[in-house]
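What follows is a short report on a single structure.
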Amino acid sequence: MANAETDARAQKRPLSPHLTIFRPWLTMAMSMAHRITGAGLYLGMALLALYLLGAGMGGWLHALTGWLASGFIGGMIVFLITWAIFHHLLGGIRHALWDRGLYMDKEGRELLAKASLFGGIGLTLLLWILKAIAG
Amino acid sequence: MSIPTHFNSGRSGQGAAYVSDHEGSEHARFMRLSSYALAPLGVLSAWWLAGLVGETLEGAKAEIGRPFPAIVLICFAIIGMIHARQGMTEIIEDYVHDAALKEKALHWNRIGSIAIAAAWTFGIMLIAAPK
Ligand code: HEM
């Protein structure tokens, strides 16, 4: 950090979600969604950690545990967390494909953007349907 | 160690992109490697987490207290939060430019990520411990 020369050079480098270079908006939206779901999962994991700690320890944390497990809002939050996991996971697969130089042309990029959008929704619905059937 | 890619590195030539004098490529490589572990862990964890909804406390504890779910969920949280800390570091470095604020944000990110993984792991260990 400390070095002024390094700092000056760092200032000149582009930052990563480089809004000015994006055009096709679906690929841009999916790039942003990867970051947003990542940050959202951070929060979601914090909430679930409190839930698990409450379930294990009892005491005052039980209140949160009960709210998350049986309330509508708690259910919605867990639903959103599972969606975020799937969406972010598919975003990760997209990055892994790109690392290997695959699907980098225009059609490929668009295909992957659509696949992560609809795939994320689809896998989430599939999970909850299977869960409902499995009981 | 390097991961084969199709890209050229200015430093090392074809196929070895993860080389840099700075921490950036180490960081990117870690995000990739951790994501390979997180993908299967994430699918399994999503399944058991979804199972918590609408469950009584006793039912939820019985479900995630079994050895396999407990171990998978703990691995997901520990690898996931190391990954999330690295990811959040990247986000902070991108958006927070005030030096003092950035230090503070990075500091709380370190503490927060460890606290989350610890609370999660501790909770599951309490649930899964033989009574
Ligand atoms: C489910 C399996 C997961 C996979 C396959 C995965 C994959 C990835 C990959 C490949 C990246 C790097 C993206 C890039 O280089 O731009 C990334 C970033 C990130 N991940 Fe994950 N991840 C997973 C789970 C999680 C979880 C559970 C969390 C949070 C607790 C999380 C939080 C983040 C954050 C905050 C970033 C940084 C986002 C950014 O820089 O834009 N990830 N993930």
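The table for this structure:
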read-out	value
Set of lysines near A:Lys114 by C-alpha distance (under 20 Å), chain-local residues within fewer than 8 positions excluded	A:Lys106
Local electrostatic count at B:Ala62 - Lys and Arg +1, Asp and Glu -1, tallied over other residues with Cβ under 15 Å	0
The stretch A:32-134 - percent relative contact order, Cα under 8 Å, separation 6 or more	26
Three-way shape call for the stretch B:29-131 based on the alpha-carbon gyration tensor, with the a/c threshold at 1.5	prolate
Reachable aspartates and glutamates, given that their alpha-carbon falls under 16 Å from the alpha-carbon of B:Lys131 and they are not under 8 places away in the same chain	B:Glu58, B:Glu63
Within 10 Å of each Cβ in A:79-86, the average number of Cβ atoms from other chains	4
Neighbour net charge for A:Met30 - beta-carbon separation under 13 angstrom, K R +1, D E -1	+3
Net charge of neighbours whose Cβ lies under 15 Å from the Cβ of A:Thr82, counting Lys and Arg as +1 and Asp and Glu as -1	0
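Where a number appears in this text, it was derived from the coordinates with a stated rule and is not lab data. Owing to the predicted nature of the structure, the values given are computational and were not obtained by experimental measurement. We place every Cβ from the backbone using ideal geometry, glycine too, and count neighbours over all the protein chains shown.
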